[in-house]
Amino acid sequence: MDKHRLPLPEMSDDKHRHKQFNGHFDSNRFRPPKYKTRYVAVENNNLNRSQSSGSCSANNSQIAHAISFRGGSECSDAGTLPVSPNAAAASQSSMSCNKSHFEECFERLAKLGEGSFGEVFQVRDRSDSRLYAVKISKQLFRGEQYRAERLEEVRRYEEFSGHENCIRFIRAWEQYDRLFMQMELCRESLEQYLYRCRHIPEERIWHILLDLLRGLKSLHDRNLIHLDIKLDNVLIDDDDTCKLADFGLVIDVDKANNHQATEGDSRYMAPEILQGQFSKAADIFSLGIAMLELACYMDLPSNGPLWHELRQGKLPEEFINTISVELQQVIKCMMSPEPRLRPTTEQLLSHPRLQRMQKEEKSMVTLKLLSKCFRRSRRALWMKMCNLKTTAYRCLFYILEILHLYKPLTAPKSATYGNGNAVAAAPASPSATVPGVPRVEFQLVGSTPIGNRDCYVSDFLLAMDTLELSQQGTPTACGRENLVNSTPLNHNHNKSNRQRGSSSARKSQAENSNLLAKDASCSRANASTPKVLETSSFRRIRLFTLDSDEE
Ligand SMILES: Nc1ncnc2c1ncn2[C@@H]1O[C@H](COP(=O)(O)OP(=O)(O)OP(=O)(O)O)[C@@H](O)[C@H]1O
Ligand SMILES: [Mg+2]
């Protein structure tokens, strides 16, 4: 009976759905396995490799070989590993303790993702302690042809590494019949970003489209096609710039139509690929359908009637109507069933909306540069003004001193207060010698706010200057009658007469909090003493932070 059971009908939805997310991100969940058409030898005349023949032999594959296509065959050291001082030691020791070049050079921190060809890890490079991503090919090199195909990816990564919207490539090597590629670490893929945000504002969608069109244009300008454009193969860096990645299927258009191409993910595949037609327009279709997925949070079918509908220009109303008509039109023409009717990257980049954004970007760059220049010159001017002000005060004191209206302070004597603590005595009050004038002078030195910023002249001075000022300065807190305000520096200095040998104002600043505590207890003992403004010490710290921010 069991043998004659009727086959179960295939369950398939007849309606488009939103993307599903079951709590944890699995990059492979929606990715059907790639169908590899055939293996064809790829020309690798320019491959720099010290021992390119026999790489699959057991012995030779134990040794790490650098892979580089840069500079053609003239690049003599491309085949020599290690490439960094640390790696040099690594290479020596790896021979002795059986550690791979990867393990010697990197600390593996996390797995970032996995595709049909490789696993990608977040690593820390031991030579510079920076974070990178390293992609390790999943399958062993099964032969020279397969190896050459994998190495083609290195050539492409190197080729597009300099473009702002393509992933930055660092270096590649092979060992144990595997390919290792070190590249810049990105924050996340566009697919991960979509799962995280779900609803992406349309303004952002346009920016993503602009980034990707720029990246794709750099390929198309060289007559190359990507063939695997999808959200998972777009990475976002820390500056929110989208970058094209995964150049594993990149191929010259002419070669592609010579049966040498491999199809990418079927969910993003252009319809004409089924007839073996590979063109730049196929990339435009893939980008268009990826934008549809991104803008409408739509789950793309990998086959079936819905797959065909999307390729016949029938876009589901309930999804497409959620976005603006302008974006709808762009997506629709990118997904046109007829490849010849699809716009090129250049035509798309000249879309009024994208043109406007590019202009805005340009002016933003200029504006950013200008504002940076302005901030720097403003700061320089500010410092000069402060110096001038200080000089003016000094001159004023000097003149007053000549006119005998002001007498420089002498070192204060020690005094003992009621609580038994010996503290520095208040300097002789100038008001005692010349009535009326000096009090104003003290306030000028000790507590003049500059402009509308919460800071003091002394804050802008070098350590020596601040000490000089404080010597002219404000009387100590304890037992003082007239003090209205005091910078902590002056207060600090007077209180720390015991440490007069110290030449560093910063050091005394560090001790400020201690002294303030003592001061507080002193104040408690003598209730009539006015309080010192403790906030001033906070202001000083803030000022330094402010300066470094502006840098
Ligand atoms: N530089 C990087 N920074 C951060 N994550 C990365 C980086 N490179 C790759 N990834 C993550 O690893 C995943 C797989 O990488 P990649 O697409 O290069 O592998 P693949 O095997 O060629 O994939 P595919 O099946 O698409 O061909 C990416 O989707 C991404 O999530
Ligand atoms: Mg990929």
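Extension gain for GLU309 to GLU164 (0.36 nm times residue separation, less C-alpha to C-alpha distance): 48.7 nm.
Full extension of the chain between ARG379 and LEU274 yields a length gain of 31.4 nm, computed as 0.36 nm times the residue separation minus the alpha carbon distance. In terms of surrounding Cβ atoms within a 10 Å radius of their Cβ, THR366, THR390, THR322 rank from fewest to most as THR366, THR322, THR390. When only the Cβ of Lys, Arg, Asp and Glu is charged (+1, +1, -1, -1), the dipole of the range 186-350 relative to its Cα centre reaches about 340 debye.
Residue separation of SER324 and ASP240 scaled by 0.36 nm, minus their Cα-Cα distance, works out to 27.9 nm of gained length. Positive end of the dipole of the range 100-185 (Cβ unit charges, origin at the Cα centre): among GLN122, GLN182, SER161, the Cα lying farthest that way belongs to GLN122. Charging the Cβ of each Asp and Glu at -1 and of each Lys and Arg at +1, and nothing else, the dipole of the range 100-185 about its Cα centre rounds to 160 debye. Among the listed pairs LYS135/LYS332; LYS138/LYS243; LYS111/LYS332; LYS217/LYS314; LYS15/LYS135, a Cα-Cα separation exceeding 31 Å is found for LYS135/LYS332; LYS111/LYS332; LYS15/LYS135.
Considering only PRO316, ILE205, GLY304, and ranking their Cα positions along the charge dipole of the range 194-333 that arises from unit charges at the beta-carbon of Lys, Arg, Asp and Glu, the one farthest toward the positive end is GLY304. Legend: calculated FRET efficiency, SER302 to ARG340, from the Cβ-Cβ distance at R0 = 25 Å, rounded to 0.05, equals 0.45.
Computed from the coordinates by the stated procedures, all read-outs in this text should not be read as laboratory data. Everything numeric here is computed off the predicted structure, so don't read it as measured data. We place every Cβ from the backbone using ideal geometry, glycine too, and count neighbours over all the protein chains shown.
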